[in-house]
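Undergrad: Handing you a structure now.
What follows draws every value from the coordinates through simple rules; no lab data is involved. Values in this document were obtained by computation on a predicted structure and should not be read as measured data. Using ideal geometry, Cβ is built from the backbone for each residue, glycine included, and neighbour counts are taken over all protein chains shown.
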Amino acid sequence: MPDLPEIGHNDFEKASRILRARAGIVLGGHKREMAERTLALKARRLGLQSVKEYLDHLEANSQSEHWDGFVNAFTINHTAFFREQHHFPILAEFAKRRKKPFSVWCCASSTGEEPYSIAITLREACTAPDTGISIFATDIDTHAVERAREGMYSMERVKPVPEEYLHRYFQRGAGRRAGMVRVKPELRGMIEFDVLNLLSTNWPPSQSFDAIFCRNTMIYFDKATQTRILERFAGVLKPGGLLFAGHSENFTYLTKAFRLLGQTVYEAI
């Protein structure tokens with residue numbers, strides 16, 4: 001195996017700077033060793049002699065096809081079906097009270113477990129769920145979005161799904177796909193998946209939402225970026241819309257656009 005490309009003393013700092021500018025992700029110094037090896041592997045795959053060449057190319061070419069791979073390498077796709085389970089009964093009761101059309105934006109959808117959990121919740125809670133209910137699911141990681149669209153998971157991944165929902169909303173694989181399940185078409189049809197950077201100005205055009213799920217994502221941004229994103233969320237939420245945050249996130253002191261209802265659920269003011 002060929003040696004890794006040269007890693008310069010300032011490569012980590014430069015990578016951290018352009019990653020933060022592009023995606024808002026703050027790369028802590030404790031990740032330096034991991035990040036440098038990741039960057040060196042990326043540079044080697046492109047046949048480059050140094051990490052500096054790789055980073056210089058990205059910085060000079062904002063439309064480079066290699067940006068997706070760079071950002072994907074530093075995103076974390078830790079997710080699960082019905083993660084932070086207390087949010088889903090709250091969503092169900094809220095949806096019952098709201099008029100249709102009812103729409104939800106899952107803005108860090110990762111490999112799909114969260115938006116499919118939202119879809120199951122809404123199908124169970126609402127009458128005529130095939131009309132007037134939509135879910136917009138986005139993530140910055142292009143590979144994660146591809147996997148989410150496919151909707152295929154191992155039996156291990158769907159363990160948190162109640163057995164009755166597993167039978168109702170998943171198809172079991174056979175043959176070479178034994179031990180796998182796939183989300184049924186009626187559930188996949190409720191969700192529109194897309195790649196989206198929360199720092200981008202290209203947010204969902206002419207679209208407003210009853211609820212936004214942004215859980216365990218803001219922790220990767222600095223306070224100023226968090227505030228900016230929260231105020232943009234408020235602008236695309238319908239009156240009285242809800243924002244679902246992660247268990248370790250507290251937005252109370254960042255903006256006056258929301259008030260805390262409890263259990264990391266905020267209401268747009």
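Undergrad: Measure up 96/184; 31/159; 99/184; 100/184 against 28 Å on the Cα-Cα distance and list the ones that go over.
TA: From the list (96/184; 31/159; 99/184; 100/184), the Cα-Cα distance tops 28 Å for 31/159.
Undergrad: Once you sort the root eigenvalues of the Cα gyration tensor of the stretch 99-157 as a ≥ b ≥ c, which label holds: rounded (a/c under 1.5), prolate (a/b larger than b/c) or oblate (the other case)?
TA: oblate
Undergrad: Moving on to the next point. How compact and how long is the stretch 11-72, expressed as Rg and Dmax of its alpha-carbon atoms in Å?
TA: Expressed in Å, the Cα Rg and Dmax of the stretch 11-72 come to 10.7, 29.
Undergrad: Sticking with this structure for a sec: Roughly how many whole Å is it from the C-alpha centroid of the stretch 235-269 to that of the stretch 215-229?
TA: About 13 Å separates the Cα centre of the stretch 235-269 from the one of the stretch 215-229.
Undergrad: Then there is this: If I fit a long axis through the Cα atoms of helix 87-97 and take the longest principal axis of the Cα atoms of the chain, what angle between them do I get, 0 to 90°, rounded to 10?
TA: Here the helix axis deviates by roughly 50 degrees.
Undergrad: Follow-up question, since we're still on this one. When a footprinting reagent is the concern and you count Cβ atoms within 10 Å, what order do 190, 218, 180 take, fewest first?
TA: So the ranking, lowest neighbour count to highest, is 180, 190, 218.
Undergrad: May I ask you to list the aspartates and glutamates whose Cα is less than 14 Å away from that of residue 52, ignoring any residue fewer than eight positions away on the same chain?
TA: Candidates past the 8-residue exclusion: 6, 11, 13, 36.
Undergrad: Note the angle between two axes, namely the Cα long axis of helix 32-45 and the longest principal axis of the Cα atoms of the chain, as a number of degrees from 0 to 90, rounded to the nearest 10.
TA: 80
Undergrad: Can you tell me what share of the DSSP beta bridges in the chain is antiparallel? A percent to the nearest 5 is fine.
TA: Percent antiparallel among DSSP bridges in the chain is about 40.
Undergrad: For the chain, what is the mean residue ellipticity at 222 nm derived from helices alone (per DSSP H run of n ≥ 4: -39500 (n - 2.57); sum divided by total residues; nearest 500 deg cm²/dmol)?
TA: That calculation yields -11000 deg cm²/dmol at 222 nm.
Undergrad: Given N residues in the chain, what is Rg(Cα) / (2.2 N^0.38 Å)?
TA: For the chain, the normalised Cα radius of gyration is 1.09.
Undergrad: Compute the angle between helix 51-60 and the longest alpha-carbon principal axis of the chain, please, reported from 0 to 90 degrees and rounded to the nearest 10.
TA: Around 60 degrees separate the two axes.
Undergrad: What's the exposure ranking of 214, 106, going from fewest to most Cβ atoms within 10 Å?
TA: Numbers: 214 20, 106 28.
Ordered from fewest to most neighbouring Cβ atoms within 10 Å, 214, 106 come out as 214, 106.
Undergrad: Let's see if you can work this out: charge +1 on each Lys and Arg Cβ, -1 on each Asp and Glu Cβ, no other charges. What is the dipole magnitude of the chain about its Cα centre, in debye to the nearest 20?
TA: 620
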